[in-house]
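Report on the following structure.
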Amino acid sequence: MNRLKSKASVYLNRLIKKKALFITTVSFFIFSVPLAGAQEILSYGDAYVSGSIADAITLIPFLATDSTSGNINSMIFNGLTKVDKDLNITGDLAESYDVSDDKLTITFHLRKNVLWQDGVKFTADDVKFTFDIILDPRNAAPYAANFQDIEEIKVVDKYTVQFKYRKPYAPALLKLGTAIIPKHLLKNIDIKNCNFARDPVGTGPYKLAEWKTDQHIILDSFYNYFEGRPFIDKYVERVIPNQAVQFLELITGGIDSMGLTPYQYKYRTDTKKFKERFVKYKYLSRSYTYIGYNLKDPLFEDKRVRQALSYAVDRKAIIDGVLMGMGEECTGPFIKGTYAYNEEVRKYPYNPQKAKELLKEAGWIDRNNDGILEKDGLKFSFKLITNQGNKQREDVATIIQQNWREIGVEVEIQAIAWAAFITEFVDKRNFQALILGWTMPIDPDNYNVWHSDSMKDGGLNFISYRNKEVDSLIERGRETYNQDERQRIYRKIHEITAEEQPYTFLYFPYALPAVSKRFKGIEPAPAGISYNFIKWYVPEVEQKYTR
Amino acid sequence: MFKYIVKRLFLIPPMLMGISLIALLAMHLTPGDPASMRYGLNPEVSGSARAHLKELYGLDKPVIVQYGGWLKRIVTLDFGDSFIDDRPVIEKIKERLPATLILQISALILIFSIALPIGVMSAVKQNSFFDKATTFLVFVGFATPTFWLALLLMRFFGFQLEWLPISGMSPWYAQDYSLPHRILDLLWHLILPLFTLAFTGLAGISRYTRYSMLEVIRQDYIRTARAKGLKENKIIYHHALKNALLPVITILGLTLPALIGGSFIFETIFAWPGMGRLMYTAILQYDYPVVMGVGIISVFLTLTGILISDILYAVVDPRIRYE
């Protein structure tokens, strides 16, 4: 409680100072300005209501793979580690951690002041219990492979826990940040058939108060949270499956926040009235959209052909046309702005002339003047597939079709329902080129997508990319803890993939949340806006939901 | 009559079996499976986790074995667990059923109480202005896309006038409301959805009633009634309407499964927590137990609905006798 007080008062002072400064400046010009707001202080209370397209599925954190469940779980639970606002690893339930010299043992020193939401003390036993459960094959944890190299988990004492690895695995520090579940409530219970999924108990800043399926989830703030009681009393997630309706709810005050579409961000919210009541944020999301070429298809064997196709794609037109400018160009498979992302790689600015030259070099020439290139009697004509129902990708495909037509490449677009898209085309490698997107984990390790081992049975290297150097770099990257060295490794991978263009990397879209102005304390950072949610507050005079 | 009902009841189980088998086969014939839908293209989920999930749910076994397992459970009314969240299917249905029932039953009552008079009046005053106007109106309703009308209404009544709530069944802070307050609140939230459902659903019943009313008022016994000097109101509502309602009973029987089926588009627009959304998500996610569970209940209700309307025929029309 002492900690909380000191933290809060520091915050308070800073705020008052800011406010005071503001008031003196303003009143210098307008003397009649009353001191309203001067006593505006950090206050507890109110509720934050956000809109979500879909309901959560399960609040057993290690079984959840959908984004709503992930959101709610991140409010209820904590992991050993987390990322800070700049996406750097930092301790969460662990006060500190150290990695042994041989990089095989990670020791976590746990916080001693952590309580479960039912009042029981959190200890190292909970940590061991959690990972034992995840690694138990009967529980079919989707992310179990992240922990397969763990040899032993040892509880050293009540607040120290050690993970021994079979081989060094650098992403471990982040992967071990998975949510910890309470042993005292779950031991000797079949976790898949118990009601924990709908009645969870965590260590996080909020606890579940009510879950009405397909309507809303209400979380109450946890007063004894180890980082201090959150200022906002209730966190509510309302399920509103239609985005147009969500927007109507937003402007009528039914919800306080939602993720806007680029169209809504640019046009529907560009009014004085909207800006008076909401703040719009804009930051890069951790995902990118790309065209993937099936490298087993003879059409795409030649690197020059892929480079030519990339030169012929007008990314700016795509970002302006499809995303209304709400995105940035992507050059490689890492999160832009992080240490792994290499700004100095080969780029492919829109240049149809250069594309034509490269194709000519590779032997593709329009011999019969039909506007389509040929080589050895083969027409440069192929099918570009994407998943149905994603309007953005379908629009991107249409622009690219036009772009490529201009350099003599004929493309037929086909949008396929998601289920068939995965099982019949992607899994069976039965495609020529496709448009898809990846959401990237924060750790840059991308073995599952780019290593040649991930080509086999249903692996995600479905374009069959095989490059020995990249393979060994990926393996080294996984074993290297030193960030400078990892930086060199991943930037090299970025450089190679940019040169070889197994994908034509297209864009990173922006995340575009709008939040009601009554919430203060929001500080946008590379991690987004919600990382410091427990520090958000609503000044007492502006509070909307009071008891 | 009793013998007939028993005979019909005995026919229901084999039909359920046949239909459910066809449903399961159809689902397995479409490309895709629950494991790929859940974890497909997630860079953090390994291929082995996908395979493991299939094994866990018995999806690696032949379809006929899976069907056998399902059948064995269903005879004890065990609908199994959902593949999406491992919760019992019956629980998931129970959660959504009230919302759908409230909406669909009140819509049905509303539609009947508006459509029947419209149908009768436009038959009695055939080709009058009223007839033409209502014909035009119900067809406009029939042709209006639900989601479009819903959005217009929300925008006007919810946003511009701020008279009515935009979406949902109850506000999240309703947990402290007293019971009467809750009921009022529910009615409040029902206005827009009900209006939309009724306006777009008037055509069927009103047109059927009009048509069958037109048939009946040309019958000899109506002329006889007039000749007897009965009041026009009595002729129409007592003698004619009773007979004209016969085909409407068939429709009523067939609406029974729709009562629990809900509507996906409608529920999505109004954020209504009903069965339509449950079924739609289940189909998209290849959640076989839920699809089969909701499906079998719908089929059961369809068959029962047909049986009930057959029985009602006999009750309403003395000429019909079953042996």
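The values are calculated or read from the model by the stated rules, or taken from the named source; none is laboratory data. Everything quoted here is computed from the prediction, not taken from an experiment. Note: ideal-geometry Cβ built from the backbone for every residue, glycine included; neighbour counts use all protein chains shown. With ligands, DNA and RNA removed, areas are computed over all heavy atoms of the protein, side chains included. Shrake-Rupley method; radii C 1.70, N 1.55, O 1.52, S 1.80 Å.
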Give B:Asp287, B:Asp310 a once-over and let me know the one that is more than 30 Å from A:Asn242 (Cβ to Cβ) and either in contact with a Lys or Arg (Cβ under 8 Å, 6 or more places away or on another chain) or not hydrophobic (A, V, I, L, M, F, W, C) (or both).
B:Asp310
Residues in segment A:374-386: is at least one touching a residue at least 12 places away in the same chain (Cβ under 8 Å) and within 14 Å of chain B (Cβ to nearest Cβ)?
yes
Residue check, A:Ser452 among the polar types (S, T, N, Q) and out of contact with any helix residue (DSSP H, G or I) (no Cβ under 9 Å at 6 or more places or on another chain)
no
Flag for A:Ile189 being more than 30 Å from A:Lys535 (Cβ to Cβ), out of contact with any Phe, Trp or Tyr (no Cβ under 6 Å at 6 or more places or on another chain) and either modelled with pLDDT under 95 or not aromatic (Phe, Trp, Tyr) (or both):
yes
Could you tell me which numbered condition B:Tyr67 fails, if it satisfies all but one of (1) in a helix (DSSP H, G or I); (2) within 11 Å of chain A (Cβ to nearest Cβ)?
(2)
Can you tell me which residue in segment A:146-165 is farthest from the chain's Cα centre (by Cα), limited to those that are open to solvent by less than 30 Å² (accessible area, probe 1.4 Å) and either β-branched (Val, Ile, Thr) or over 21 Å from A:Leu110 (Cα atoms) (or both)?
A:Thr160
When you scan segment A:101-128, how many residues do you find that are part of a helix (DSSP H, G or I) and out of contact with any Pro (no Cβ under 8 Å at 6 or more places or on another chain)?
4
Between A:Ala514, A:Ala527, which is open to solvent by less than 10 Å² (accessible area, probe 1.4 Å), in contact with a Lys or Arg (Cβ under 6 Å, 6 or more places away or on another chain) and not acidic (Asp, Glu)?
A:Ala514
Given the residues B:Leu59, B:Leu41, which is the only one that is within 11 Å of chain A (Cβ to nearest Cβ), within 30 Å of A:Leu135 (Cα to Cα) and not basic (Lys, Arg)?
B:Leu41
Only residues that are within 14 Å of the chain's Cα centre (by Cα), within 25 Å of A:Glu237 (Cα to Cα) and open to solvent by less than 20 Å² (accessible area, probe 1.4 Å): list them for segment B:259-277, please.
B:Phe266, B:Glu267, B:Gly274, B:Met275, B:Gly276, B:Arg277
Scan segment B:160-182 for residues that are under 23 Å from A:Asp214 (Cβ atoms), at the interface with another protein chain (Cβ under 8 Å from one of its Cβ atoms) and without any contact (Cβ under 8 Å) to a residue 12 or more places away in the chain and jot them down.
B:Trp172, B:Tyr173, B:Gln175
A:Tyr143 within 12 Å of chain B (Cβ to nearest Cβ) and over 30 Å from B:Ser36 (Cβ atoms)
no
Take A:Asp86 and tell me if it is at pLDDT below 95 and either under 27 Å from the mean Cα position of the chain (by Cα) or part of a strand (DSSP E or B) (or both).
yes
